[in-house]
1. Mind jotting down the three principal axis lengths of the stretch 200-349 based on Cα atoms? Whole angstrom, largest first.
2. Over the chain, what relative contact order in percent results from Cα pairs under 8 Å that are six or more residues apart?
3. Return, in residue-number order, each cysteine of the chain whose C-beta is not under 4.7 Å from any other cysteine's C-beta.
4. Once you place label points 7 Å from the Cα toward the Cβ at residue 301 and residue 332, how far apart are they in nm?
5. Measure off 7 Å from each Cα along the Cα-to-Cβ vector at residue 207 and residue 225, then give the distance between these two points in nanometres to one decimal.
6. Using all alpha carbons of the stretch 110-227, what is the percent of pairwise distances in each 10 Å bin, ordered from the shortest bin to the longest?
7. Using +1 on the beta carbon of Lys and Arg, -1 on that of Asp and Glu, and nothing else charged, what's the dipole of the chain about the Cα centre, debye to 20?
8. For labels at residue 186 and residue 158 in the simple 7 Å Cα→Cβ model, what's the distance in nm?
Amino acid sequence: MTSRDAVGAPLELVDLDRELSWAEHELPQRERTRHVHSLHPYLGKFVPQLVEVCLHRHFAPGQRILDPFAGSGTTLVECSTFGARSAGVDVSAFNVLLARVKSARPDPAVPAALAEAITRIDDVAPAPTTSTYLKEWLHPDALADLLRYRALIDPSSVAADVMRVVLSRSARSARRAPHHNLESPRRPETGPYWCHKHRRECRPTSDARQFLRRYTTDTVARLTEYAGLRHDVDAVVHHADSRTVDLGTTFDGVITSPPYPGRIDYHDQHRYAFDLLGLHGWQDREIGAPSRGLSRRAIESYCDDVASVFANARRFLRPGAPVIIVIDDVRDLYDRILELSGLTIVDERRRHVDRRTGRRDAGYYEAVIHAVA
């Protein structure tokens, strides 16, 4: 019996999709974070293998796929290695930046530009910042080096957005955050603390250059690997509201994972990037934001908002186009959401997720809904 046959599912879960239920040894972290999928940490993304299987089940190379909740761009990246054209939409300016960098055709001039930037950090003065967040969460020396690197970014350079991602990733690691909780630290650590990850006493760093160097090397390696796998297909990312965006073309289907109500603040998890890169936030347009709570009114608003996204997407789908939705629907909201959006459910399966990051618990189930326009 394989681990897929023994993932611990209750007997009544006869709809368990074993092809999408991987044990750790079957799908190790290095495979889940292959090439550009791990270009920058992102809380809430689904594994690329999930998109890969759905593409092979429901689509063909050359078709055009939409992800109206693009996030970090997982669907778009997998479409590009599958040979399908794609488009994604997101309200977070940082998500859009990251998705564009990950899914774009890697430019051969980028590695040299990144390598040169690392050697020129001392050639520029750090531009001042008014961000109280950055001043609180970064040692002055680390912040100064990050600001020097930022000053080296030429907006007209082909490497500009890649450098912004390297800068953001370095800022995340250089923060005064405990190593065991980089995702959602509650307060800056300014002195020694017990580190649950390393099982010893750790101290916050004052050195951002180590991360700038490390992530420059890592980024070049990941982009180089991706360049050898990516097909010559378009991947477009819209910074817009999926409830109202005009996509201007017809799509052959959707693969997406909507936000879960009340779980993740998709703006706040990258607060350092918004402040460091001067990105404009659209928190008021974020669907299911934790700040709205989980009251009956908040859940009704969530259902209406997600239904509006799919109803708008349906306007650009060919008749009968498959819509694949991955969601932890613990409140059984999606029958109603899809009815409101005008989509028809064909099938609904379950996948077992037995891995979690950080120190959270080890297992839960997700629904994989197959609907049609």
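Bear in mind that the values in this text are calculations on the coordinates, not laboratory data. In this text, all values refer to a predicted model and were calculated from it rather than measured experimentally. Because the Cβ atoms are built from the backbone with ideal geometry, glycine has one as well, and the counts that use them run over all protein chains shown.
1. Projected onto the principal axes, the Cα atoms of the stretch 200-349 cover 53, 44, 32 Å.
2. 21 percent
3. Cysteines lacking a close Cβ partner in the chain: 54, 79, 303.
4. About 2.5 nm separates the two model spin labels.
5. The two pseudo-label positions are separated by 2.6 nm.
6. Result returned by the calculation: 13, 42, 30, 13, 1.
7. I would put it at about 900 debye.
8. 4.8 nm
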